[in-house]
Amino acid sequence: MEDSAQILPRDKLLRDNFTPAESLLFSVILIMASMISWIGDPRSFWLLGSLLIIGCLTPFLLKTHEHTHPFFVDLLWPKFWICTAPAWTLLLQFLLGLFQNPLSITSIGDLPMHTVAPISLWRPTSAVNSSAWVTMFGFCASYLMVASLYIVPKSRAFFERLFPWLCFGAVLVAIFGYIQKGLGLTSPLLTPGTGHLDFFAFFPYDGHWAAFATLWCCTCIALALLSTRYDDSPDFIQSIGPWYLTGGALLGASGFLVHAQIPAAILLFTLSIMLLIVAANFLANSKDVHRKSIATCSGLIASLSFAGGIYRMFQENTFASDAAALRIAAFDMFKANPIFGWGIDSYQNLLPFYADDRLLGKHTERASSDLLQILAEFGLFGGLIIVGFLFVFIYRYIRGPHNVHLTNHLLIGCGAVLLLSLCDSPFMSPAVFFSFCTIMFSALRWAEISRNKVDEVDAARPQLVTHESKRRLPFFNTHYQEEEK
C-alpha cells in the first residue's frame, strides 16, 4: 500500500475526495446495481430501457470529468474510444444488419409459415424481431457507463467506498433468496419467471444467479483480504473483514441450493479457492493473534465447498441431452452464416430451422453456451472483437507488474464466469453482464492507480521540446544563413 505518511494532508484530501464526476459516477453505478439486482428478468423492457437512458449520460459524465479533474487527463478520450470500441463496432454491425432480414412469413391457406430467405454472407444480418434493438442498445449503453470506471476514478479511495455498497446489495439479494427457499415460494419475486423451479431470489434462472454470486463472492472475500493489508488495520476479528468474509460465504453457499448443475459447481469451486487463499494468507503473511483459528475455519469450509462442487459436477443432469442439442444447433447456425452471424437474439427465432426432433415444441432463447451463442449471432467478426478485447486488456495487465493482490482476486471471479460461459449462458443476464464489466474495469483501474502516481495516471508523456510551429517567439534549431540586402 502507498505510504500515506509521506503525503501532505492537503494532497491526500485532493487525491481521495470525490470530484463532481466521481460523485456522479458513484451515484449512477449504485442506481444501476440496484436495478439489475432487483429486476432479474433478462429481457425486461423496463430494465433495458432504464439502462439505455442512464448510458446516454456517459458523454456528460466524461465532459464533467474533463473540466473538473484536478490533474492532467490527456488520455481521457483516447481511453474512452479504445475501451468502448467493441460496443460501437457491434452496434454498427447490428444497424447494418437491419437491411438484411432473412425471416419472412408465407401463408399456406390460412396458416402462416415462417421462412428463411437466401442471404449474402458478406453483409451483416439481423434475423430478429422489433424488440431486439432495446436489448442491443440497452447492453451497449450500460457498457459505456461502466467503462467509465476505467477512466474516471483517480484514487483507490473511490473503490474502497463503492465496493462495500455493491457487496452489501449482492448479499442482501442472497438473503432474500434464502428466505424465498425457506418459505417454499413457487416463483421468483418481481417477475413471472419461467414456470420452472430453477430460480433464486429475483433471478428467473438460477444459473444466472450462480454467475452473479460467483463474481460478488470473490469481491467480498477480496475486500476481506484487503482489510488485513492496511498498516493501521486492527486484528481481523475486530475489523470489517469478518463481515466481508461472511457475505462471501453466504453468496458462495447458495450453490448448494442452485438447480443448475455446472453453474452451482463453479460457484462452489470458486468459494473453495477464495477461502484457501484466505487460509494461506493468514498462515504465511499474517501476525494476527487469531490467524490459526481463521485459517483452520477457512480451510474446513473450503474443503466442504470443494466436496459440494465435486458432487454437483457429477450429479445426474436431466437437461444434458437438450443442452447438447442446443449447442449443436448454435454451431449449425454459425456454419450457415460464419462471418457476421444472424444478429443479436436471433437464436430463438432460427432455432426451429436448425433444431433436431428433441427440441420441437420447446421455446428456448439461449444455446446453453455463450461462446456458441456469440458465434451464431455475431459471427467470427463479432466474436473476435469480443474475445480480442478481453485478451488485450488482460494481456496488458499481465505484461506489467501483476502483483496487485486485489486485482488478481477480483479477476478470479471474472475468469470463473468466463469459464462458465463455455457451457452456460451467464451473459444473457444484464445483472451478470453489468457485474462482470464493473468488477473487471475496477480491477484493472485499481492496478493502474496502484502502479502510478495519482497525478500521472492519465497524463500523456510530457513533450519537453515544443515544435517551432507552435512557438510564439522565433526559434531556430538549424543552421541559419543570413543574407544582406
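At-a-glance table
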{"quantity": "Accessible area per residue in Å² at 1.4 Å probe, computed on the chain", "calculated": "50"}
{"quantity": "Rg/Rg_globular for the stretch 123-204, with Rg_globular taken as 2.2 N^0.38 Å and Rg from C-alpha atoms", "calculated": "1.56"}
{"quantity": "For the stretch 211-316, diffusion coefficient by Stokes-Einstein and Kirkwood Rh (Cα), 37 °C, 0.692 mPa s, µm²/s", "calculated": "238"}
{"quantity": "Using θ = phi - 60° and Karplus 6.51 cos²θ - 1.76 cosθ + 1.60, couplings along the stretch 380-386 (whole Hz; Gly, Pro as x)", "calculated": "5, 4, x, x, 5, 5, 5"}
{"quantity": "Label zone at residue 11, where the point sits 7 Å out along the Cα-to-Cβ direction: the stretch 140-176 residues whose backbone N lies under 16 Å", "calculated": "155-156"}
{"quantity": "Size of charge dipole - the stretch 314-402 - debye, nearest 20, with Cβ of Lys, Arg +1 and Asp, Glu -1, no other charges", "calculated": "420"}
{"quantity": "Cα→Cβ-extended label distance, 7 Å offset, between residue 46 and residue 230, nm", "calculated": "3.8"}
{"quantity": "Length released on extending from residue 399 to residue 314, taking residue separation times 0.36 nm less the Cα-Cα span", "calculated": "26.9 nm"}
{"quantity": "Per principal axis, descending, Cα span of the stretch 1-80 in whole Å", "calculated": "51, 26, 18"}
{"quantity": "Percent carbon-and-sulfur accessible area, the chain, ignoring ligands, DNA and RNA, probe 1.4 Å", "calculated": "65"}
{"quantity": "Computed over the chain: relative contact order in percent, which uses C-alpha pairs under 8 Å that are six or more apart", "calculated": "20"}
{"quantity": "Nearest-10 value in Å² for the accessible area of residue 392, using the 1.4 Å probe", "calculated": "80"}
{"quantity": "Computed E for residue 304/residue 259 - FRET, C-beta separation, R0 25 angstrom, nearest 0.05", "calculated": "0.80"}
{"quantity": "Charge dipole magnitude, Cβ of K and R +1, D and E -1 - the chain, Cα centre, debye nearest 20", "calculated": "480"}
{"quantity": "Zero-based 10 Å bins, Cα pair distances in the chain, whole percents", "calculated": "4, 18, 27, 24, 15, 7, 3, 2, 1, 0, 0"}
{"quantity": "Computed [θ] at 222 nm, deg cm²/dmol, the chain (DSSP H ≥ 4; -39,500 (n - 2.57); rounded to nearest 500)", "calculated": "-20000 deg cm²/dmol"}
{"quantity": "Rg and Dmax of the stretch 366-466, Cα atoms only, in Å", "calculated": "16.7, 57"}
{"quantity": "Orientation-averaged projected area, Cα convex hull of the stretch 241-400 (nm²)", "calculated": "12.7"}
{"quantity": "Positive-pole candidate from 369, 414, 202, dipole of the chain, charges at beta carbon", "calculated": "414"}
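The values are calculated or read from the model by the stated rules, or taken from the named source; none is laboratory data. It should be emphasised that the depicted structure is a prediction, and the values quoted were computed from it without experimental measurement. Virtual Cβ from ideal backbone geometry, glycine too; neighbours counted across all protein chains shown. Note: areas computed on protein heavy atoms with side chains; ligands, DNA, RNA excluded. Shrake-Rupley method; radii C 1.70, N 1.55, O 1.52, S 1.80 Å.
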